[in-house]
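Everything on this sheet refers to the single structure shown next.
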Amino acid sequence: MSLVRFPRRLAAFVILLIIALTSLGLIAANIYTIGVSQVGILVNPYSGDFSGPVAGPTLAWKSVPWVNVVIVSTAVQTIQMVGPGNNINVLTRDNLNVSLDVTIRYQVMATNVITLYKHYPALSWEDNTLVPLIRSSVRDVVANYTADELQAVRAQIQAGVENKLTTSLATEPSLANDIQLVELNLRDIVLPNSFLAAIQAKLNAQQQLLQAQFQAQQLIVTALGQRNATIIAAQAQANATLIQALANAQSISEIISQVETQTGTTWNSTQVAAFTNMYTELQLLSKLTGQNLYIFVGSPNGSLIIPTKSGP
């Protein structure tokens, strides 16, 4: 009798254990968790009904086991459009192809997450709509500037793209009030190598022109200095010659006065001119030869010998 009862008890225990594990499995299947900065949408695939959103962090119980729980992050998301193949290629106003590296940070609005999910049940709003809107906004703004203006108006471009994207998000039916732009950062403007080489050549030419202008200005300053020095020297020489001539004229005038006094004569202008020429020529000849030459002046009242070299 004990041998028969024991298997029955064991079978009953196994059945109870199976029931308990099944119940626990059902309970566990109906429990869901939502983390921090997440919201949950409860989707009934049979009726098509939605409920929620349920904000995390939380641990909750599904009313029926076949309801699906879709988790959507409400944390700030980052889109990196940086580097070859991922950055944004645009045409400037002068039709030059440039690339822009852009980083965008956005956030899903928790209160409208069900509407967003209905438009994007695969949670593909980034690839399908948001990224194309970003590229379009960048192209529309950059098209207003020429290539050589881009670096100078970089802050204006960033502000313009941010305003354009904000407007596009507000007017896009599938994203309006569902996505909030947090920040847009224009990280880099990549210009073609050919354009950079042209700019460098232009800068080099400008530098060479400035250098040539500087050298020409230096030559002009030097020439003016030399000319002024020559003029000053010539003026000094002329002044010295004038002074010497005045001194000679004064000396000759005194000599004639002395001769007239000693000889008791009065010279007319012809006699003064003849004596002046003779005295000047003999004085020059005396300087050249180093000899002291004399002029003999005779008259009825006496004669006079006049040296043409002063000093010993």
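The values are calculated or read from the model by the stated rules, or taken from the named source; none is laboratory data. Because the structure is a prediction, the values reported are computed rather than measured. A quick note on method: Cβ atoms are made from the backbone with ideal geometry, for glycine too, and the neighbour counts reach across all protein chains shown. Note: areas computed on protein heavy atoms with side chains; ligands, DNA, RNA excluded. Shrake-Rupley method; radii C 1.70, N 1.55, O 1.52, S 1.80 Å.
Below are the figures for this structure:
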item: 5 angstrom amide H check on Ala55, placed H, neighbours 5+ away; result: Gly40
item: Surface accessible to a 1.4 Å probe, per residue, for the residues of the range 81-179, Å²; result: 48 Å²
item: Other-chain or far-sequence residues with amide H under 5 Å of Val190's (modelled H); result: Ser99, Leu100, Asp101
item: Accessible area in the full protein assembly, largest first, 1.4 Å probe, for Phe296, Phe275; result: Phe296, Phe275
item: Within the range 51-180: Cβ-based charge dipole about Cα centre, in debye rounded to nearest 20 (Lys, Arg +1; Asp, Glu -1); result: 360 debye
item: Projected-area average for the range 111-175 over all orientations - Cα convex hull basis, square nanometres; result: 5.0 nm²
item: Qualifying aspartates and glutamates (Cα of each under 19 Å from Cα of Lys118; at least 8 residues distant if same chain); result: Asp49, Glu126, Asp127, Glu172, Asp178
item: Extreme residue, positive dipole direction of the range 114-174, given options Ala147, Thr166, Leu116 (C-beta unit charges); result: Leu116
